[in-house]
Amino acid sequence: MAPRRRRSSVSPPLPAFGRQLRRYREEAGLTQESLGRRANNGRGVTGQYVGQVESGRTRCSREFAETMDRELKAGGRLLELWDDLVLDSAFPIWFDWPSIEAEAVMIQPHQPLPVHGLLQTPDYAAALLKDNREAVEARLHRQRILTGSEPPPPVFSLPLDEVALYHETGSPAITKERLEHLLALEELPNITIQVVPSRGEHPGNSGAFNLATPEDRSEVVYADSAIRGLTINDPDDLATITTTLIAVRSLALPSAQSREMIRRAVEERWSQ
């Protein structure tokens, strides 16, 4: 029996960032140890850590990149590379959804709880992600696709389960801010949020998913689970997802009623 092939544990963009860091270090005539002593605003790291970053085996923080950029006189280039190559590598290497999401012209998710990642406030994301700063930054970075101008933002249409309006996460203040944020986002022309009244036979209770439509009008689904997510483009699976989404939408309130329900939850439940 052939040995099982092990997946790489290195996120592909990390070695690219590491190579550039090594190039700047060597041009400055510094060893890994001497550069490490200057890292993190003088607090320092080991030369071994610098080596791990240069080889792509470790993901460095933006603070580390900022100090390295200054010490190596890179003129902001290392920070740009960190934003382009390292930020999104906070996602597991199997999580290819952000690249699909970023290229979509339409995103149709169904996610009863929690509120969809593209619509989360920083404090709400921090509460869900246990204050993992890198994961929070990566999630917030994904949200830029909804408000950018180039490329044009996708149409984003979310059926939001009513239970999300009354589910406390973090604190009442964080929950209130989250709902107010939804109301503000719903004012954008590309975003629609419709509340789905909770019911036991809810057809979407089988699980959360995101249906993305790229520019070529093909369709891709990202289905969530407790272990990991799965990116799907099988026609039969897509048909099942589409049928489920249609059934969920048939239960959703019109936009105006949905906004009123969210406002009422803010005033009656979370403004006490």
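No lab work stands behind these numbers, since they all come straight from the coordinates. All figures in this text were calculated on a predicted structure; none of them were measured in a lab. Reconstructed Cβ throughout: ideal geometry from the backbone, glycine too, with neighbour counts over all protein chains shown.
In this Cβ point-charge picture (+1 for Lys and Arg, -1 for Asp and Glu), the chain has a dipole of about 1100 debye about its Cα centre. The orientation-averaged projection of the convex hull spanning the C-alpha atoms of segment 114-165 amounts to 4.0 square nanometres. Both radii come from the Cα set of the chain: Rg as radius of gyration, Rh as Kirkwood radius; their ratio Rg/Rh reads 1.04. Placing a label point 7 Å from the Cα of Glu66 along the Cα-to-Cβ direction, the residues of segment 100-138 whose backbone N falls under 15 Å from that point are 133-134, 137. With the convex hull constructed from alpha-carbon coordinates only, segment 169-272 shows a mean projected area of 8.5 nm² over all directions. Each other residue within a Cβ distance under 13 Å of Ile193 adds +1 if Lys or Arg and -1 if Asp or Glu, for a net charge of -2. The long axis of helix 13-27 is offset from the longest Cα principal axis of the chain by roughly 30 degrees. Summarising the strand pairing of segment 97-268, around 60 percent of its internal DSSP beta bridges are antiparallel. For segment 84-191, the equivalent ellipsoid derived from the Cα gyration tensor has semi-axes of 22, 19, 12 Å, listed largest first.
Each Cα pair under 8 Å and six or more residues apart adds its sequence gap; the mean of these over the residue count of segment 13-90 is a relative contact order of 37 percent. What do you get for the angle between helix 133-142 and the principal long axis of the chain? Use alpha-carbon atoms, 0 to 90 degrees, nearest ten. Rounded to the nearest ten degrees, it is 60. Spherically averaged projected area of the convex hull of Cα atoms, segment 13-90: 4.1 nm². What do you get for the angle between helix 172-185 and the principal long axis of the chain? Use alpha-carbon atoms, 0 to 90 degrees, nearest ten. Helix 172-185 sits roughly 80 degrees off the main axis of the chain.
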